[in-house]
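Here the structure comes first, spelled out in structure tokens, and everything after it is commentary.
The values are calculated or read from the model by the stated rules, or taken from the named source; none is laboratory data. Note that this is a predicted model, so its numbers are computed, not measured. Here Cβ is always computed from backbone atoms with ideal geometry, including for glycine, and neighbour counts include all displayed protein chains. All accessible areas refer to the heavy atoms of the entire protein, side chains included, with ligands and DNA or RNA removed. Shrake-Rupley method; radii C 1.70, N 1.55, O 1.52, S 1.80 Å.
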Amino acid sequence: MPQLAIDKDFLTRYAKLEKRVQKAVDEALDKFADTYYAGGHLEKVADARDPRARSLRITQNYRGVVLAPEQGDTYLLVTVLPHDEAYAYIRNKRFSVNRALGVLEIRDEAQLQTMSDVLAPVAAAAESRLFDHVPDKHLTQLGIDDRTLSIVRLLPDEGHLDAIQSMMPAAQHNALVALASGMTPEEAWAEVSKDLVEAVAPEEIDPEDLTAAIRRTPGQAVFVEGPESLREMLDTPFDLWRVFLHPQQRRIAYRRSYNGPAMVTGGAGTGKTVTAVHRVAHLAAGYDSGPPQILLTTFTKTLDAALRSQMELLIKDPGQRDRIDVRNLDKVAYEVVSRERGTTLKFPRSRELERLWDEAGADSGFSGAFLLSEWEQVVLAQDLRTERGYLEAQRRGRGNRLSADQKQRVWRAVLAATERMAQANQWTFTQVAAEAADILNRTGERLYTHVVVDEAQDLHPAKWRLIRALVPEGPDDLFIAGDPHQRIYDHRVSLAALGINVRGRSRKLTVSYRSTQEILSWAVRLLGAAPITGLDDLEDGLETYISPLHGRRPVVHGFTERTAELDALVGQINGWLEQGVEADSIGIAVRTRSVADSVTARLREADIDNGPLVDGPGVRVGTMHGMKGLEFRCVAVVGVDADLLPLKTQVTDRTEDPVAHGHDLQRERNLLFVSCTRARDALYLSHGGDPSPFLPAK
Ligand SMILES: Nc1ncnc2c1ncn2[C@@H]1O[C@H](COP(=O)(O)OP(=O)(O)OP(=O)(O)O)[C@@H](O)[C@H]1O
């Protein structure tokens, strides 16, 4: 059976072609797909570096580059380029199979040759060379082949190793970087082989077997399952995540089965959501049709809309889609409770609710706002049902200590207020989640076979109890994606304490697909040095978090007053717009509503179209909390002032509760980190007064 594969570079370049040329590519591929096993109309290029590289005519000015086997029947669509560049590509590049890893590699042999000629005299004159201490045998074991070896022996230093990166097969370059950084050959092997989708013994690697090599390199090239699948790829060429998963992502998403709840963590932009959506595709592929068995969920309405569109982009089969519900947890909980009660539920505004709690707790000595949050953060969080339970409960992170007498008064107020709410059929979403979990636990009904949860770090314990109650315990029951460094609400949860055991089934993603390395390295410093505990109770660090993307360093501008700061913001936004950045690819994040209002007013004055973060129109403006889960090409974080970050009203006094104080400060840091890591290409920050202490010193 002939097989067609497509390289990431092909799709990336196709995405950027004019519509007219794209159409010509489509036609050429249709023809090619009809007959590719004959290989008939692929043109051999006389001076091709690699005899298997052919050109495919698209238009007079464009050519595709196709790797066509001398025997066998796998064709790889490598790239699509203007005519002269395509021929230069074919004249310069060679394809190979890595001898140790078995992955597909491409190198620019012409440039490497030129580089060798330049390096030869430098190497001869140097006293020692970078890899003098490493014997050939070790290099070979790491996948360095003879062609690379000859230039490796000439490299005088790491600068030259960096300089040849773009010419070299990526896996071989990684191995050399590992050795150059002082790793032993064993450590370097662990480093380069960690991303393999399948381990393979060197003697099993056939250097001519392109099909096997492509299968081992799913982040770069994948097989197309048929003309329809090719059509889908070309219809949404920007959505590379649908097709090219990083091996780390693929291993996690497409593992046949987990013997219980599994978790994927990783820094911002490492593709946790992408991995979760692919996991749903994997689970759905196990069924043909029928009632929904899989819940894909997250914690807000705006995020679940984004999840739904991602799911629909990835899963086209209507039968499989029917097996999947995408809805946020509030909605799931609402349906369970309203169905049981046979009525709709009312959700009063927070002011109204606080008034109710004020009245119900009038003689408690506490405000309605305090009582309400005590109920949600302590009583509902710990599922406390009796006064005794409450009196004995720890109130970690709740600030001021309460005496037994005070606790009794709080408990009475809780009873009175919840009674009033019940009479008026008034609810909070946390309460509905707790109630839904109770109902399901009481009836034993389980609504799904699999639940996949995104943005898991911020869920209230009541929502976790609901999640646990939605699926029977068993293989593949729960798949959880989250990042504890992005925790921006109060909920610090231990999954184990909630009966969800992910030990041994927790995996980490480390490669950012969103932000540049410059933005990442800078943003990680905002988090401070305090250790962060994950949902699995283990410490979670971001030491291995990297990005292959590069760009400009973030900039921080300081002003003494807000007006000057906002004038500068207008200048920055206009600058981005003039550079051709679309208005809806620019996000502005601020700590408080009132700063957001000033920003919006100033933009309006400058005639810059703007609107809310999720649906616009124009430049997106919103609070840092609203930035969660979103992404923009350019991000401006405004009002990074000492009195806004941390926001005093949100931080418990150290003298009242030092632990809560620490947690609150960390949460404020995380909030700034989340905002900054929404940026793909450019990050701009400013303050209109003393700078926030979270900003790193230069
Ligand atoms: N394999 C991939 N190929 C191409 N793009 C990818 C891939 N994986 C992720 N991306 C892109 O990287 C960006 C971040 O991915 P995603 O939102 O899944 O990350 P995340 O870890 O959930 O981020 P966050 O925690 O910040 O919300 C998205 O634009 C996504 O499309």
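Across segment 655-672, what is the total count of residues that are among the charged types (D, E, K, R) and part of a helix (DSSP H, G or I)? Number of matching residues: 4.
Is there a residue being under 28 Å from PHE223 (Cα atoms) and not in a helix (DSSP H, G or I) anywhere in segment 112-130? No, segment 112-130 contains no residue that is under 28 Å from PHE223 (Cα atoms) and not in a helix (DSSP H, G or I). The residue that is modelled with the lowest pLDDT, among those in segment 515-548 that are closer than 19 Å to ASP195 by Cα and buried (at least 18 other Cβ atoms within 10 Å of the Cβ), is LEU542. Has segment 156-164 got at least one residue that is within 34 Å of the chain's Cα centre (by Cα) and open to solvent by 60 Å² or more (accessible area, probe 1.4 Å)? Yes, the conditions are met somewhere in segment 156-164. The single residue among ALA268, ALA276, ALA284, ALA253 that is more than 13 Å from the ligand (Cβ to nearest atom) and open to solvent by less than 10 Å² (accessible area, probe 1.4 Å) turns out to be ALA284.
This table checks each residue for (1) within 16 Å of the ligand (Cβ to nearest atom); (2) under 22 Å from GLY226 (Cβ atoms); (3) modelled with pLDDT of 95 or more.
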position	(1), (2), (3)
LYS16	yes, no, no
ASP26	no, yes, no
PHE32	no, yes, no
GLY40	no, yes, no
ARG57	no, no, no
VAL80	no, yes, yes
GLU85	no, no, yes
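Scanning segment 608-616 finds one or more residues that are surrounded by fewer than 19 Cβ atoms within 10 Å (Cβ to Cβ) and within 16 Å of the ligand (Cβ to nearest atom). For segment 378-405, the set of residues classified as outside any loop (DSSP other than H, G, I, E, B) and open to solvent by 30 Å² or more (accessible area, probe 1.4 Å) consists of GLU387, ARG388, LEU391, GLU392, ALA404, ASP405, listed by residue number. Residues that are near the ligand (Cβ under 10 Å from one of its atoms) and in contact with a strand residue (DSSP E or B) (Cβ under 9 Å, 6 or more places away or on another chain) were ranked within segment 620-633; the one that is least open to solvent (accessible area, probe 1.4 Å) is MET627.
In segment 512-536, the residue that is farthest from the ligand (Cβ to nearest atom) out of those that are polar (S, T, N, Q) and within 20 Å of GLY482 (Cβ to Cβ) is THR533.
Of all residue pairs spaced 6 or more apart or on separate chains, those with beta-carbon atoms under 8 Å, a first member in segment 458-482 that is among the small types (Gly, Ala, Ser) and a second member that is part of a loop (DSSP other than H, G, I, E, B) and more than 16 Å from the ligand (Cβ to nearest atom) are ALA462/ALA381; ALA462/ASP383; ALA469/ARG446; GLY474/GLY260.
Residue count for segment 205-226, restricted to those that are in contact with a Pro (Cβ under 9 Å, 6 or more places away or on another chain), within 16 Å of the ligand (Cβ to nearest atom) and polar (S, T, N, Q): 1.
Considering segment 501-511, the residues that are touching a residue at least 12 places away in the same chain (Cβ under 8 Å) and away from the ligand (no atom under 16 Å from the Cβ) include one that is least open to solvent (accessible area, probe 1.4 Å), namely VAL502. Could you count how many residues in segment 287-303 are open to solvent by 10 Å² or more (accessible area, probe 1.4 Å), within 16 Å of the ligand (Cβ to nearest atom) and either acidic (Asp, Glu) or in contact with a helix residue (DSSP H, G or I) (Cβ under 7 Å, 6 or more places away or on another chain) (or both)? Total meeting the criteria: 1. Looking only at segment 634-683, how many residues end up being among the hydroxyl-bearing types (Ser, Thr, Tyr) and crowded, with 24+ Cβ neighbours inside 10 Å? Counting residues in segment 634-683 that are among the hydroxyl-bearing types (Ser, Thr, Tyr) and crowded, with 24+ Cβ neighbours inside 10 Å gives 2.
Can you tell which of SER675, SER686 is outside any helix (DSSP H, G or I), in contact (Cβ under 8 Å) with a residue 60 or more places away in the chain and under 29 Å from GLY575 (Cβ atoms)?
Answer to the selection: SER686.
The condition (being at pLDDT below 90 and not β-branched (Val, Ile, Thr)) is satisfied by just one residue among ARG341, ARG398, ARG385: ARG398. Among the residues that make up segment 648-666, is at least one of them under 20 Å from the mean Cα position of the chain (by Cα), under 25 Å from ALA697 (Cα atoms) and either modelled with pLDDT of 95 or more or away from the ligand (no atom under 16 Å from the Cβ) (or both)? No, there is no match, as no residue in segment 648-666 is under 20 Å from the mean Cα position of the chain (by Cα), under 25 Å from ALA697 (Cα atoms) and either modelled with pLDDT of 95 or more or away from the ligand (no atom under 16 Å from the Cβ) (or both).
Which of the following residues is open to solvent by 10 Å² or more (accessible area, probe 1.4 Å), free of Cβ contacts under 8 Å to residues at least 60 places away in the same chain, within 33 Å of the chain's Cα centre (by Cα) and farther than 27 Å from ARG507 by Cα: ASP136, ASP235? Talk me through it step by step, then tell me what you get.
Working: ASP136 fails: within 33 Å of the chain's Cα centre (by Cα).
After applying the criteria, what remains is ASP235.
Could you tell me whether any residue of segment 316-328 is basic (Lys, Arg), in a helix (DSSP H, G or I) and open to solvent by less than 50 Å² (accessible area, probe 1.4 Å)? Looking through segment 316-328, none of the residues is basic (Lys, Arg), in a helix (DSSP H, G or I) and open to solvent by less than 50 Å² (accessible area, probe 1.4 Å). Scanning segment 529-551 finds no residues that are in a helix (DSSP H, G or I) and touching a helix residue (DSSP H, G or I) at 6+ places or on another chain (Cβ under 7 Å).
Could you tell me whether any residue of segment 227-244 is more than 8 Å from the ligand (Cβ to nearest atom) and small (Gly, Ala, Ser)? Yes, segment 227-244 contains a residue that is more than 8 Å from the ligand (Cβ to nearest atom) and small (Gly, Ala, Ser). Somewhere in segment 484-500, is a residue at pLDDT 95 or above and either crowded, with 21+ Cβ neighbours inside 10 Å or of a type in the set (Gly, Ala, Ser) (or both)? There is no residue in segment 484-500 that is at pLDDT 95 or above and either crowded, with 21+ Cβ neighbours inside 10 Å or of a type in the set (Gly, Ala, Ser) (or both). Taken over segment 182-210, the criterion of being open to solvent by less than 70 Å² (accessible area, probe 1.4 Å) and either farther than 24 Å from ALA5 by Cβ or not aliphatic (A, V, I, L, M) (or both) is satisfied by GLY182, MET183, THR184, PRO185, ALA188, ALA190, SER193, ASP195, PRO207, ASP209.
Would you be able to say whether some residue in segment 107-127 is under 33 Å from the mean Cα position of the chain (by Cα) and not aromatic (Phe, Trp, Tyr)?
Looking through segment 107-127, at least one residue is under 33 Å from the mean Cα position of the chain (by Cα) and not aromatic (Phe, Trp, Tyr).
Screening TYR258 against (1) away from the ligand (no atom under 13 Å from the Cβ); (2) modelled with pLDDT under 95; (3) among the aromatic types (Phe, Trp, Tyr) leaves a single unmet condition, (2). Looking at segment 467-483, which of the residues that are buried (at least 23 other Cβ atoms within 10 Å of the Cβ) and within 25 Å of the chain's Cα centre (by Cα) is nearest to the ligand (Cβ to nearest atom)? So, considering only residues that are buried (at least 23 other Cβ atoms within 10 Å of the Cβ) and within 25 Å of the chain's Cα centre (by Cα), the one nearest to the ligand (Cβ to nearest atom) is ASP483. Within segment 139-153, the set of residues being under 36 Å from the mean Cα position of the chain (by Cα) and in a helix (DSSP H, G or I) comprises LEU139, THR140, GLN141, THR148, VAL152. Number of residues in segment 374-401 that are within 24 Å of THR655 (Cα to Cα) and more than 41 Å from the chain's Cα centre (by Cα): the value is 1.
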